[in-house]
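Here the structure is laid out as structure tokens; the discussion comes afterwards.
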Amino acid sequence: SWKEPHLLLYKKIEGEPAHTGVEMHYDGCDITWNAMLSKVTEYEGGGTYIRALRKTVKLRQGQVLVHPGELYHKGVDITSGMRVLIVGFTDGFDPQIVDSTSSQKDKKIYEKNVRIY
């Protein structure tokens, strides 16, 4: 099932097939969590862009991002290296949060509004 925790690997390494990011989407679950396995020095670019915040969250190794699964978000493209996360999904909790943002208001510049915690 897609709702099983899984390893998410973004990479852009010369001579290897690239997988640099994930398009804007929502997860269709109650809660999503992302645990960062890579060091920030192992890749360039990347992060999780959350449309409702108009910010990209870039985690340090060992940090976890937890958000409602109904929020629209994307894996921002990395420009080099390898970014590895464990991603999981949880159901059974309904926080009644609705993401009313629209893609019509998205701007590429918002993805560069990076916050490192």
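The values are calculated or read from the model by the stated rules, or taken from the named source; none is laboratory data. Predicted model only: the values in this text are computed from it and were never measured. Every residue, glycine among them, receives a Cβ derived from its backbone with ideal geometry; neighbour counts consider all protein chains shown. Each accessible area value is taken on the protein alone, full model and side chains, heavy atoms only, with ligands, DNA and RNA left out. Shrake-Rupley method; radii C 1.70, N 1.55, O 1.52, S 1.80 Å.
Of everything in the range 44-77 that's of a type in the set (Asp, Glu) and within 17 Å of Val114 (Cβ to Cβ), which residue is least open to solvent (accessible area, probe 1.4 Å)? Out of the qualifying residues, it is Asp77. So which pairs qualify, if the first residue must be in the range 17-43 and in contact (Cβ under 8 Å) with a residue 12 or more places away in the chain and open to solvent by 80 Å² or more (accessible area, probe 1.4 Å), the second must be assigned to a strand (DSSP E or B) and not aromatic (Phe, Trp, Tyr), the Cβ gap must be under 7 Å, and the two must be at least 6 apart or on different chains? Here the result reads Glu23/Lys74; Glu42/Gly81; Glu42/Met82, each pair linking the range 17-43 to a residue that is assigned to a strand (DSSP E or B) and not aromatic (Phe, Trp, Tyr). Within the range 93-102, the residues that satisfy the criterion of being open to solvent by less than 80 Å² (accessible area, probe 1.4 Å) and at pLDDT 75 or above are Thr101, Ser102. Gly81 meets the conditions (1) at pLDDT 90 or above; (2) under 16 Å from the mean Cα position of the chain (by Cα) in every case but one. The failed one is (2).
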